[in-house]
Amino acid sequence: MTTPGAEEAREKLLVNLTPELRRDLRIRAAEHGLNMQDAATSAISLWLETPNVPEVETRGAKSWGVYLPAGGPARFTQECEARGITKVQGMAQAITLWLDAHPSPSERRVSQPVKRILVGNQKGGVGKTFVASGLAQAMAEAGLRVLLVDYDPQGHLTSRLQIPGLPDGVDSLLKHMLGEADKHLARSLVALPHERFGGRLHVLPASKDAFLMDAKLALLQVGRDTCLARALGPLEGSYDVIVLDGPPNLGLAIDLAINYVQRRPGELIDHSGILMPVWSDRSSFDAYEMLNEQIMTHCRMTGAVVDQLGFVVNAYDSRKGVVTRSFYDGWNELTTPGVLATLKDAIEGREASDYQVPLLEHAPESQQAEVMRALAKELAA
């Protein structure tokens with residue numbers, strides 16, 4: 001989510017919401033050309049006008065926040081008290097009522113640019129590559145045309161998908177960013193051959209010169225901020241989604257990726273943005289604070305608006321003790337952005353990486369694969 005400016009006269013409402021209702025609201029809002037904030041406002045208005053709303057199941061509800069017009073949170077709270085129900089129940093009723101009143105339209109009302117998702121976190125080892133790859137696989141499996149960009153010079157994504165590297169005689173992404181490329185960037189792409197992806201999942205492999213990206217781009221005097229957008233721009237018309245597997249640092253390369261996923265004119269809130277894999281530990285909180293500061297600094301300096309899509313808590317195991325569970329609760333309480341998915345510490349993911357086979361091909365029925373599909377469904381809206 002993105003915090004609105006003070007001039008918008010909105011106030012934040014904190015309430016628990018089930019992941020299913022949150023996901024359905026995001027998807028249905030996008031189908032009607034709305035953002036979640038406006039859809040939630042409309043839902044509460046409809047609920048306030050509707051007496052005797054049936055009770056809704058709220059088991060599994062987690063902390064969630066939304067900005068309403070000034071006075072909205074207070075009025076909602078007062079009405080819940082008057083009806084003798086909790087805010088959790090009131091919000092569940094409001095969203096269910098709105099979903100029933102706004103079925104999926106036969107056609108999208110608002111044309112949107114290609115969806116751009118940066119999977120980023122400056123902390124290494126939290127599962128950026130695993131999440132980026134799994135998300136791209138699930139989106140392609142669902143029928144979307146997906147470009148997966150290995151934007152990490154270490155090239156873990158490229159190797160884990162058994163891609164030897166850039167095809168011979170083609171130019172790297174860095175050369176395209178520097179304006180030194182001779183051939184179209186499409187010639188650098190590799191299609192994953194697995195039948196379940198239907199030829200819809202293409203990968204831009206890593207190149208060794210990516211280790212020099214910060215140093216070389218620092219010398220670029222004109223158009224540096226938009227060089228990644230210019231390099232990928234010729235490919236955007238061929239895809240529904242572009243997913244970037246970000247590097248584990250806060251250098252110039254990640255700054256350019258942040259700029260690339262900024263909200264474009266007419267683009268809905270949370271259509272594009274940054275998805276952040278984390279662990280349930282202190283170091284992940286510290287890493288997020290640094291990443292968040294870089295995002296905020298970038299926005300202040302450039303005027304960009306960058307949406308943080310949410311967290312994916314990776315390798316979570318509640319049996320690791322009270323500290324691990326408390327940090328997990330901390331991520332859920334950090335409602336802006338919220339936790340979109342939790343990946344348990346499971347062997348299937350490690351095997352897929354070790355065997356260099358896509359997760360959805362190696363273990364299509366695993367819990368991790370199902371989480372990736374649910375995450376893809378929510379973010380594809």
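The values are calculated or read from the model by the stated rules, or taken from the named source; none is laboratory data. Everything numeric here is computed off the predicted structure, so don't read it as measured data. Positions of Cβ are generated from backbone atoms using ideal geometry, with glycine treated the same way; all protein chains shown enter the neighbour counts. Only protein heavy atoms, including side chains, enter the accessible area calculation; ligands, DNA and RNA are left aside. Shrake-Rupley method; radii C 1.70, N 1.55, O 1.52, S 1.80 Å.
Quick look at the numbers
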item	result
Percentage relative contact order, the chain, counting C-alpha pairs under 8 Å, at least six apart	22 percent
q = 0.14, 0.23, 0.24, 0.30 Å⁻¹: log10 I(q)/I(0) that the Debye formula gives for the range 39-79, counting C-alpha atoms only	-0.38, -0.99, -1.05, -1.21
Chain lengthening between residue 196 and residue 58 when straightened (0.36 nm per residue, less Cα-Cα)	46.2 nm
For the range 326-337, 3J(HN,Hα) per residue [Karplus equation, 6.51 cos²θ - 1.76 cosθ + 1.60, θ = phi - 60°, Hz, x = Gly/Pro]	5, 5, 4, 4, x, 5, 5, 7, 7, 7, 10, x
Sequence-separation-based contact order of the range 184-310, relative, with Cα cut under 8 Å and 6+ spacing, percent	21 percent
Fraction in percent of alpha-carbon pairs per bin - 5 Å, the range 91-150	3, 13, 15, 15, 13, 15, 15, 9, 2
Net charge dipole size for the range 236-381 [Lys, Arg +1 and Asp, Glu -1 on Cβ; Debye, nearest 20]	280 debye
For the range 304-312, Karplus couplings with θ = phi - 60° (6.51, -1.76, 1.60), whole Hz, Gly/Pro x	6, 10, 10, 8, 8, 6, x, 9, 10
Nearest-ten-degree value, helix 36-48 long axis tilted from longest Cα axis of the chain	10 degrees
Farthest toward positive dipole pole in the range 64-204 [+1 Lys/Arg, -1 Asp/Glu at C-beta], among 193, 164, 137	137
Debye, to nearest 20: dipole size of the range 177-239, +1 on Lys, Arg Cβ, -1 on Asp, Glu Cβ	120 debye
Computed lengthening from residue 324 to residue 236, 0.36 nm per intervening residue step minus Cα-Cα distance	27.7 nm
Relative packing of peptides 254-261, 59-66 - highest average C-beta neighbours within 10 Å first	254-261, 59-66
Heavy-atom accessible surface of the chain: percent carbon and sulfur, 1.4 Å	50 percent
Cα-projected label distance for residue 12 with residue 305, points at 7 Å along beta-carbon direction, nm	1.8 nm
Most to least packed among 161-172, 26-37 [average Cβ atoms within 10 Å]	26-37, 161-172
Calculated diffusion of the range 17-70, Stokes-Einstein form, Kirkwood radius summed over Cα pairs, 20 °C and 1.002 mPa s, µm²/s	176 µm²/s
Residue-averaged [θ]222 nm for the chain, counting only DSSP H segments that reach four residues, each worth -39500 (n - 2.57)	-13000 deg cm²/dmol
Spread of Cα-to-Cα distances over 10 Å intervals beginning at zero, given as percent, for the range 148-199	22, 52, 23, 3
Spin-label zone in the range 118-136 - amide nitrogen under 15 Å from a point set 7 Å from the Cα of residue 249 along the C-beta vector	121-125
Potential lengthening between residue 264 and residue 345 on full extension [0.36 nm per residue; Cα-Cα distance subtracted]	25.5 nm
Out-of-range pairs (alpha-carbon distance over 21 Å; input 115/377; 123/216; 87/377; 344/377; 12/87; 12/377)	123/216; 87/377; 12/377
Given (i) 1.06; (ii) 0.97; (iii) 1.39, the label whose value is Rg/Rh (Cα atoms, Kirkwood Rh) derived from this model	(ii)
Residue among 355, 151, 328 with the largest mean-square fluctuation in a Gaussian network model of the chain, springs linking Cα atoms under 10 Å	355
Degrees separating the helix 87-101 axis from the principal Cα axis of the chain, which is the longest one	70 degrees
Within the range 29-180: Cβ-based charge dipole about Cα centre, in debye rounded to nearest 20 (Lys, Arg +1; Asp, Glu -1)	280 debye
Long-range HN-HN contacts of residue 63 with modeled amide H, under 5 Å	17
Accessible area expressed per residue, the chain, with surrounding protein chains retained (probe 1.4 Å, Å²)	43 Å²
Rounded to whole Hz, the Karplus (6.51, -1.76, 1.60) HN-Hα couplings of the range 250-255, x for glycine and proline	10, x, 5, 4, 5, 5
D (Stokes-Einstein, µm²/s), Kirkwood Cα radius, the range 304-354, 1.002 mPa s at 20 °C	173 µm²/s
